[in-house]
Amino acid sequence: MGKLGLAFAAGIATGTCLAAAVVVGRRVRRRRRWWRALKVLEELEERCATRVERLRQIVDAVAVEMNAGLASEGGSKLKMLLTHVQNLPTGNEQGIYYALDIGGTNFRIVRVELDGQKSDSIKHDVERMPIPPHLMTGTSEELFDFIATSFEKFVRTLEGASNGSRAESMELGFTFSFPVQQISTSSGDLIKWTKGFSIPDMVGEDVSECLLEAMSRKGLNMQVTALINDSVGTLALGHYYDEDTVAAVTFGTGTNACYLERGEAIIKCQGLFSTPGAMIVNIEWGNFWSSHLPRTSYDLDLDADTPNPNEQGFEKMISGMYLGDIVRRVILRMMQESEIFGPISPKLQDPFILSTPMIAAMHEDNTPDLSEVAKVLKDSLEMADIPIFARKVIVRVCDVVTRRAARLAAAGIVGILRKIGRDGYGGFPSRKKKGTVHIKMQRTVVAVEGGLYANYAIFREYLNEAVEQILGEEVASHVVLKLIEDGSSVGAALVAATHRGSSGGGRSVYEHGQPSGGMTR
Ligand code: ADP
Ligand code: MG
């Protein structure tokens, strides 16, 4: 081989080496990018860890905070609001009652006709409609005019043209699921907005008054007999169906819980009640906070972008309004760190573009190639041609975020049971000896409602599983979580019936110093 030939051969060898180096370099870089995305996932898993020991610390913290909130006004992040609901429906109620239910994504109107006979399933007419988003940040007049107009149409459709403005006033239960300082069972002032609502002119105003004014602008003759929140309605309906029901929880756009409390335990209002019985207490647990809660940078960023930063910390880790957005933030971080998903979609920068039903659809995708995941990513986030491995990573993100939410929710529920002595250890303060159950458990039912719990099967399964893990199999076998469909609205109509004419019908929620369906010791 001549000089020229040698130079040519050397050139080819160098070229081949260079090409090989480029390919290897690309592979290494790509691998490094994969590695970065997986690192984001790994960190998320670590930070969202909810081992049972941690959940038990949260249970204790919930019970401690509940006691603090009962002891003094402002004594805790848990407001422990008095609902003034001291009687629950018995089945003897009669008449036609309406309910309006507002507090998140959907607005519901319900009509029930009660004939004085207890029923296994209360028949009701219901109309559901989404709340137009612009009304959530407008004026109170606009919001309440929407409610009154929708109600008028509903009544006219059901009862004929004349009945909307009939002389006889209609009895109404109003489910308004925002923190309200109740003045009585039927009236109260709005403390603050949550769940993305922000109508400043309404804060401090009497909610029932605002509704009645809007109704009278429409010529409707109404009487608000009960002003409650969604969990209180659910407890009323749950207790009507099953007297072992002692608490209720809602998992929808937001999350909240209430329970039956002995009058003497409500220290902050000792002497205020004429009856020595008991009352449903609205925990307002969305605002619960504890250093044991596993918070991530995504939670911090989300909180900072809401109209109510530093508030509703528990709700922002659990409820339907927020789970999708936590997932979106994680995917965005992964895309910033790594190119495995392709270029960053501008849509992914839009807050709340990825809803919780969308993450549920991805999470519950059973197709072999995760085609539902691909569809959601393409349709909602304009992320096309996402490789199967990246789709699996996204499903994993949905799982981590939803599992954490469900397990924290479970700790909240057991926290209530701890407070009222239904966790098998005699309640707060806990005097448990490891592995010993001191108390003979009686069947305990917690009523649950809300779109997140009703429609997201994996959330529900994780929640039920965690309740059992925290309580242990034996105690958990006495605790039932019962889905009460339309509990928030049908329950409001029932509370209205029970408190008709504010005569305080129904039956005291506590009999002989114990809640009806109470625990025997
Ligand atoms: P609200 O009474 O607060 O308006 P709902 O109880 O009707 O709410 O629940 C609506 C919320 O439930 C939605 O905002 C959504 O977050 C959640 N949700 C509804 N359907 C699903 C679903 N299929 N999967 C997961 N979450 C869902
Ligand atoms: Mg609701």
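The values are calculated or read from the model by the stated rules, or taken from the named source; none is laboratory data. Everything quoted here is computed from the prediction, not taken from an experiment. Cβ atoms come from the backbone with ideal geometry, glycine included; neighbour counts cover every protein chain shown. When the accessible area is computed, the model is the full protein with side chains, heavy atoms only, and any ligands, DNA or RNA have been set aside. Shrake-Rupley method; radii C 1.70, N 1.55, O 1.52, S 1.80 Å.
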- Message: All but one of (1) open to solvent by 10 Å² or more (accessible area, probe 1.4 Å); (2) hydroxyl-bearing (Ser, Thr, Tyr); (3) in contact (Cβ under 8 Å) with a residue 12 or more places away in the chain; (4) not in a loop (DSSP other than H, G, I, E, B) hold for SER198; state the number of the condition that does not hold.
- Response: (4)
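Results for (1) assigned to a helix (DSSP H, G or I); (2) in contact with an Asp or Glu (Cβ under 8 Å, 6 or more places away or on another chain); (3) surrounded by fewer than 23 Cβ atoms within 10 Å (Cβ to Cβ); (4) not acidic (Asp, Glu), shown as yes or no for each residue.
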{"residue": "ASP369", "(1), (2), (3), (4)": "no, no, yes, no"}
{"residue": "SER380", "(1), (2), (3), (4)": "yes, no, yes, yes"}
{"residue": "ILE386", "(1), (2), (3), (4)": "no, no, yes, yes"}
{"residue": "ARG403", "(1), (2), (3), (4)": "yes, no, yes, yes"}
{"residue": "ALA409", "(1), (2), (3), (4)": "yes, no, no, yes"}
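For the condition under 25 Å from THR225 (Cβ atoms), surrounded by 22 or more Cβ atoms within 10 Å (Cβ to Cβ) and within 16 Å of ligand 2 (Cβ to nearest atom), what is the one hit in LEU100, LEU88? Even if it seems obvious, please write down each step before you answer.
On the way: LEU88 fails: within 16 Å of ligand 2 (Cβ to nearest atom).
Testing whether each residue is under 25 Å from THR225 (Cβ atoms), surrounded by 22 or more Cβ atoms within 10 Å (Cβ to Cβ) and within 16 Å of ligand 2 (Cβ to nearest atom) leaves just LEU100.
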- Message: Being surrounded by fewer than 19 Cβ atoms within 10 Å (Cβ to Cβ), in a helix (DSSP H, G or I), at pLDDT 90 or above and not β-branched (Val, Ile, Thr) is the filter here; which residues of the stretch 265-296 pass it?
- Response: ALA265, LYS268
- With the checklist (1) under 17 Å from VAL330 (Cβ atoms); (2) of a type in the set (A, V, I, L, M, F, W, C); (3) at pLDDT below 95 in hand, flag the one item LEU377 doesn't pass. (3)
- Message: I'd like to verify a number: residues in the stretch 132-163 that are loosely packed, with under 14 Cβ neighbours inside 10 Å, on the phi < 0 side of the Ramachandran plot, in a loop (DSSP other than H, G, I, E, B) and not β-branched (Val, Ile, Thr), how many?
- Response: 3
- Message: Regarding the stretch 215-231, can at least one residue be identified that is open to solvent by less than 10 Å² (accessible area, probe 1.4 Å), farther than 17 Å from ILE280 by Cα, away from ligand 2 (no atom under 14 Å from the Cβ) and assigned to a helix (DSSP H, G or I)?
- Response: yes
- Task: Within the stretch 82-131, work out how many residues are within 20 Å of the chain's Cα centre (by Cα) and not in a strand (DSSP E or B).
- Result: 5
- Flagged pairs (Cβ under 8 angstrom, 6 or more apart or on separate chains; first in the stretch 385-408, farther than 24 Å from ARG51 by Cβ; second in a helix (DSSP H, G or I) and of a type in the set (Phe, Trp, Tyr)) are PHE389/TRP34
- Across the stretch 329-362, the tally of residues that are part of a helix (DSSP H, G or I), within 16 Å of ligand 1 (Cβ to nearest atom) and over 22 Å from TRP34 (Cβ atoms) stands at 6
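If you scan the stretch 439-458, which residues turn out to be within 16 Å of ligand 2 (Cβ to nearest atom) and either among the β-branched types (Val, Ile, Thr) or outside any loop (DSSP other than H, G, I, E, B) (or both)? Write out each step before concluding.
So the first thing to find is which residues in the stretch 439-458 are within 16 Å of ligand 2 (Cβ to nearest atom), and the list is 447-456.
Answer for the stretch 439-458, where residues must be within 16 Å of ligand 2 (Cβ to nearest atom) and either among the β-branched types (Val, Ile, Thr) or outside any loop (DSSP other than H, G, I, E, B) (or both): ALA447, VAL448, GLU449, GLY451, LEU452, TYR453, ALA454, ASN455.
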- Being in a loop (DSSP other than H, G, I, E, B) and either more than 14 Å from ligand 1 (Cβ to nearest atom) or of a type in the set (Phe, Trp, Tyr) (or both) is the filter; apply it to the stretch 310-328 and report the residue that is surrounded by the most Cβ atoms within 10 Å (Cβ to Cβ). GLU311
- Task: Scan the stretch 297-309 residue by residue and report those that are assigned to a loop (DSSP other than H, G, I, E, B) and of a type in the set (S, T, N, Q).
- Result: THR306, ASN308
- Query: of a type in the set (A, V, I, L, M), closer than 25 Å to GLU284 by Cα and surrounded by 22 or more Cβ atoms within 10 Å (Cβ to Cβ), is that true of VAL397?
  - Reply: no
- Item | the stretch 108-127 residues that are within 15 Å of GLY95 (Cβ to Cβ) and of a type in the set (Gly, Ala, Ser), paired with ones that are in a loop (DSSP other than H, G, I, E, B) and open to solvent by less than 40 Å² (accessible area, probe 1.4 Å) (beta carbon under 8 Å, 6 or more apart) | GLY116/GLY91; GLY116/GLU93; SER119/GLY91
- Unmet requirement for MET519, which otherwise passes all of (1) at pLDDT below 95; (2) open to solvent by 20 Å² or more (accessible area, probe 1.4 Å): (2)
- Item | When residues of the stretch 471-501 are limited to those that are in contact with an Asp or Glu (Cβ under 8 Å, 6 or more places away or on another chain), away from ligand 2 (no atom under 12 Å from the Cβ) and open to solvent by 50 Å² or more (accessible area, probe 1.4 Å), the one nearest to THR185 (Cα to Cα) | ARG500
- Query: Residue check: is ALA68 within 16 Å of ligand 2 (Cβ to nearest atom) and either open to solvent by less than 40 Å² (accessible area, probe 1.4 Å) or on the phi > 0 side of the Ramachandran plot (or both)?
  - Reply: no
- Take the stretch 441-485 and flag every residue that is away from ligand 1 (no atom under 16 Å from the Cβ) and of a type in the set (Asp, Glu). GLU465, GLU468, GLU473, GLU474
